[in-house]
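The values are calculated or read from the model by the stated rules, or taken from the named source; none is laboratory data. Worth saying up front: this structure is predicted, and the values here are computed from it rather than measured. All Cβ positions, even for glycine, are placed from backbone atoms using ideal geometry, and neighbour counts span all protein chains on display.
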Amino acid sequence: MLTPVPPTACQRAREAVSIQLDGELSELGSARLSAHLRECEACASYALELAALTTRLRTAALEQPGTSVALPTRRRRPALQLAAAAAAVVAAAASSLALGHALSSSGGNGLPPAAAGLTKGPSLQGDAVDQHVLAMLRHLPAVHELRLGRVVML
């Protein structure tokens with residue numbers, strides 16, 4: 001495993017110069033930076049060059065671009081949202097039907113096959129599933145066609 005190299009005093013000083021130019025260096029950090037700059041000529045010249053460059057950038061006039069920039073508008077895709085809603089309804093209906101078939105195969109009353117003979121009476125599972133699917137379909141908006149890419153479903 002690689003261990004990170006600790007920053008040297010010069011690296012820390014150069015970071016501190018940038019922080020000081022932004023006005024965010026603490027009093028202790030400023031004292032450490034001043035002490036380092038008195039001893040290190042390379043960092044002192046770096047600090048002077050960076051201060052001059054920062055001053056030039058901050059005092060420079062703003063330039064207006066020669067060409068206009070237009071961002072593309074975001075298009076909404078209602079057909080895609082409708083397709084997702086239809087897919088959700090189909091998935092819910094399929095799971096309801098699968099649950100209904102699983103319950104009806106176990107005797108129609110939700111009991112295991114061994115206990116299915118203990119209860120008597122007609123099974124209402126099929127009717128409940130049909131009513132559930134019809135109730136879900138009533139909440140969907142009426143659509144005559146549904147476009148999914150190049151495929152059109154009628």
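Being surrounded by 16 or more Cβ atoms within 10 Å (Cβ to Cβ) and polar (S, T, N, Q) holds for only one residue in Gln20, Gln11, and it is Gln20.
The condition of being among the hydroxyl-bearing types (Ser, Thr, Tyr), touching a Leu at 6+ places or on another chain (Cβ under 6 Å) and at negative phi holds for Thr54. Residues that are touching a helix residue (DSSP H, G or I) at 6+ places or on another chain (Cβ under 6 Å) and at pLDDT below 95 are absent from segment 57-79.
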